[in-house]
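What follows is a short report on a single structure.
The values are calculated or read from the model by the stated rules, or taken from the named source; none is laboratory data. Quick caveat: nothing in here was measured; it's all calculated off a predicted structure. Cβ sites come from the backbone with ideal geometry, for glycine too, and all protein chains shown count toward neighbours.
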Amino acid sequence: MSSQNVSEKPTGPLDVGRIREDFPILGRRVYGKPLVYLDNAATSQKPRQVIEALVRYYEQHNANIHRAIHCLGEEATAAYEEARAKVARFINAPSPECIVFTRNTTEAINLVAHTWGRANVGPQADILLTQMEHHSNLIPWQRLAAEKGASLRYIGLTNEQTLELDGLDELMHDRTRILAVTHASNAVGTINPIGRLVKEAHRNGTTVLVDGAQSAPHMPVDVQAMDCDFFAFSAHKMLGPTGVGVLYARRELLDEMEPFLAGGEMIKRVTLEGATWNDVPWKFEAGTPNIADVIAFGVAIDYLTGLGMENVRAHEMEITDYAMRRLRQMEEVFIYGPPDVADRGGVVSFNYPDLHPHDIGTILDREGVAIRAGHHCTQPLMRILGVSGTARASFYVYNTLEEVDVLVEALGKARAFFSNDTP
Ligand code: 7TS
């Protein structure tokens, strides 16, 4: 990235005009309108640097890793392991051995539930979750609880969709084996007080898994300062390719955990009778991994590091604040989540009283504005909110205040369209 030539008014500390030039897809038109991409919580767009890294890998270095005694194999192995080191630095993990590559956040959480969970959760145990979890951090634990006869408990929500921590003492006790909690809600935007939760959990001997799918892309993350035991996130939500997830775990936990999948790569010595396991983290990476995408993810991390995660966070707070102020000016719009942007990520989830979120989404799409509408894979949360779904705009480093204006104007059209429709 170069830092010159501002083509648009920059918002906050990021040179958004310059950043946008790195994203080829932002030059696209949709139904004849410039694309306004506000579905970043689902997946982010990819900068040219990441796309080029994929092409470069396949054109110059493609080989399988950890086995070949030829030049390409050594280059591919070095690049893959360098990406692991970049991920470790990005979240301040104590060492690259604490980083396991998976397919996505979902697989990282499943890995923990299947391995650590099976070994540590018994019939007398409680599994503590929250009512705002994504299905990915809910269903693996429901399955584990059903298999082991363990009990599921939930931290409830306040009227502003923050965690209700008043009764936490009763929910968390010495039989609570794990607390699995999202760092930032994909559905309503709430950022949860992970530091406080971890302290409370560790006092009870409870292990903590943090779902970082919506935090790692958007704010500085320091897993050592957070003191969590597991932290899971996805490359595709942070400028990287699809097909790569990360599980960070404390080294001693990884050492004692059984492998998740079995086969090549994850073994040390195999006989016809049995096998011994490879060292961590390779013990958890059976088979040929997603080499090209992991390497390109390393480039996405370089890109975000170059921007500075403090700056990314400040930019998103500015856009979110502006979007909330503009939406509040519209009559009848109801915005979910905490009112203060300091307590929320770059997600604004809202509803009109008589408009189905899917109808909002469809009309916005015709205006070139991509949002998500629906339950956001948080059906229990939607049930608590008393709605089938919400309309959700989610922001990232390339979004501008002008795009928020386009969103608001398109929403005005949606409302006019449907109010004309009613007799
Ligand atoms: N956890 C949270 C908090 C998420 O937001 C998501 C994806 C996941 C886990 C699962 O990530 P994956 O990469 O394994 O799919 N959230 C969304 C979303 O909000 N819209 O589409 C996917």
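For every residue, the table says whether it meets (1) in a loop (DSSP other than H, G, I, E, B); (2) more than 13 Å from the ligand (Cβ to nearest atom).
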| residue | (1), (2) |
| --- | --- |
| R196 | no, yes |
| K199 | no, yes |
| G205 | yes, yes |
| L209 | no, no |
| Q214 | yes, no |
| H218 | yes, no |
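Within the stretch 84-179, considering only helices (runs of 4 or more DSSP H) that don't extend past its boundaries, which have at least 1 residues that are within 16 Å of the ligand (Cβ to nearest atom) and under 25 Å from V221 (Cβ atoms)?
On the way: elements: 105-112, 139-148, 168-171.
Qualifying helices (runs of 4 or more DSSP H): 105-112, 139-148.
Being assigned to a loop (DSSP other than H, G, I, E, B) and of a type in the set (D, E, K, R) is the filter here; which residues of the stretch 220-246 pass it? Reasoning before the result, please.
Initially, the stretch 220-246 is screened for residues assigned to a loop (DSSP other than H, G, I, E, B), giving 220-222, 227-229, 238-244.
Within the stretch 220-246, D222, D227, D229 meet the criteria.
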Only residues that are closer than 30 Å to I51 by Cβ, touching a Gly at 6+ places or on another chain (Cβ under 8 Å) and more than 12 Å from the ligand (Cβ to nearest atom): list them for the stretch 232-269, please. L261, G264, E265
Since P339 meets every condition but one in (1) in contact (Cβ under 8 Å) with a residue 24 or more places away in the chain; (2) over 17 Å from M382 (Cβ atoms); (3) assigned to a helix (DSSP H, G or I), which condition does it not meet? (3)
Counting only residues in the stretch 379-423 that are among the hydroxyl-bearing types (S, T, Y) and closer than 30 Å to L157 by Cα, the one surrounded by the fewest Cβ atoms within 10 Å (Cβ to Cβ) is identified as S388
Long-range neighbours under 8 Å by Cβ, at least six apart or interchain, first residue within 21 Å of N110 (Cα to Cα) within the stretch 259-279, second in a loop (DSSP other than H, G, I, E, B) and of a type in the set (S, T, Y): G264/T288; E265/T288
Picking from E310, E331, the residue that is among the acidic types (D, E), free of Cβ contacts under 8 Å to residues at least 24 places away in the same chain, surrounded by fewer than 22 Cβ atoms within 10 Å (Cβ to Cβ) and farther than 30 Å from N62 by Cβ would be E331
Members of the stretch 226-265 that are surrounded by fewer than 24 Cβ atoms within 10 Å (Cβ to Cβ) and touching a Cys at 6+ places or on another chain (Cβ under 8 Å): R250, R251, L254
Residue under question is T102, and the condition is that it be surrounded by 20 or more Cβ atoms within 10 Å (Cβ to Cβ) and among the hydroxyl-bearing types (S, T, Y); does it hold? yes
Please work out if V223 is surrounded by 22 or more Cβ atoms within 10 Å (Cβ to Cβ), more than 15 Å from the ligand (Cβ to nearest atom) and of a type outside the set (F, W, Y). yes
Would you be able to tell me the number of residues in the stretch 342-378 that are under 21 Å from the mean Cα position of the chain (by Cα), surrounded by fewer than 22 Cβ atoms within 10 Å (Cβ to Cβ) and not small (G, A, S)? 3
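When you look at A79, is it assigned to a helix (DSSP H, G or I), modelled with pLDDT of 95 or more, touching a helix residue (DSSP H, G or I) at 6+ places or on another chain (Cβ under 8 Å) and small (G, A, S), yes or no? Give the steps one after another, and end with the answer.
Working: assigned to a helix (DSSP H, G or I): yes; modelled with pLDDT of 95 or more: yes; touching a helix residue (DSSP H, G or I) at 6+ places or on another chain (Cβ under 8 Å): yes; small (G, A, S): yes.
The answer is yes for A79.
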Any residue at all in the stretch 40-54 that's buried (at least 16 other Cβ atoms within 10 Å of the Cβ) and without any contact (Cβ under 8 Å) to a residue 12 or more places away in the chain? no
Take A314 and decide whether it is away from the ligand (no atom under 16 Å from the Cβ), assigned to a helix (DSSP H, G or I) and touching a strand residue (DSSP E or B) at 6+ places or on another chain (Cβ under 8 Å). no
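Looking only at the stretch 1-59, which residues are part of a loop (DSSP other than H, G, I, E, B), at pLDDT 95 or above and small (G, A, S)? Show your work before the answer.
Step one: of the stretch 1-59, the residues part of a loop (DSSP other than H, G, I, E, B) are 1-15, 21-23, 28, 31-32, 35, 38, 40-47.
Going one step further and asking which of them are at pLDDT 95 or above, we end up with 14-15, 21-23, 28, 31-32, 35, 38, 40-47.
Of everything in the stretch 1-59, those that are part of a loop (DSSP other than H, G, I, E, B), at pLDDT 95 or above and small (G, A, S) turn out to be G32, A41, A42, S44.
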Return yes or no: is Y322 within 19 Å of A41 (Cβ to Cβ), of a type outside the set (V, I, T), touching a helix residue (DSSP H, G or I) at 6+ places or on another chain (Cβ under 6 Å) and surrounded by 13 or more Cβ atoms within 10 Å (Cβ to Cβ)? yes
Can you name the residue in the stretch 173-203 that is within 14 Å of D227 (Cα to Cα) and not hydrophobic (A, V, I, L, M, F, W, C) and is also farthest from the chain's Cα centre (by Cα) among such residues? R203
